[in-house]
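Please read the structure below before turning to the comments.
The values are calculated or read from the model by the stated rules, or taken from the named source; none is laboratory data. Please read these numbers as outputs of a predicted model, since none were measured by experiment. Backbone-built Cβ (ideal geometry, glycine too); neighbour counts: all protein chains shown.
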């Protein structure tokens, strides 16, 4: 996704949260739906993958973890 490759992903766990509208989703328990997802992403790739992937950086990860650690540490 970060390289501009359209993606088809399972609609379980955190993948819908991470990929947003920039992916085609499929049911991972259905071979037919996986095939449909692959066909769909090849025929009609969703836009915005690079933009969506850019939301997730190591800098942001570090900043958010630091904020949580500071909150847990409390004053002082």
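Structure data summary
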{"item": "Helices (runs of 4 or more DSSP H) wholly inside the range 15-76 that include at least 3 residues being touching a strand residue (DSSP E or B) at 6+ places or on another chain (Cβ under 7 Å)", "result": "15-19, 31-43"}
{"item": "Cβ pairs under 7 Å, 6+ apart, first in the range 23-41 and more than 13 Å from residue 12 (Cβ to Cβ), second assigned to a helix (DSSP H, G or I) and modelled with pLDDT under 95", "result": "none"}
{"item": "Selection from the range 3-22 of residues that are closer than 17 Å to residue 56 by Cβ and either surrounded by 12 or more Cβ atoms within 10 Å (Cβ to Cβ) or in contact (Cβ under 8 Å) with a residue 60 or more places away in the chain (or both)", "result": "7, 9, 15, 16, 18, 19, 20, 22"}
{"item": "Residue check, residue 12 assigned to a loop (DSSP other than H, G, I, E, B) and under 13 Å from the mean Cα position of the chain (by Cα)", "result": "yes"}
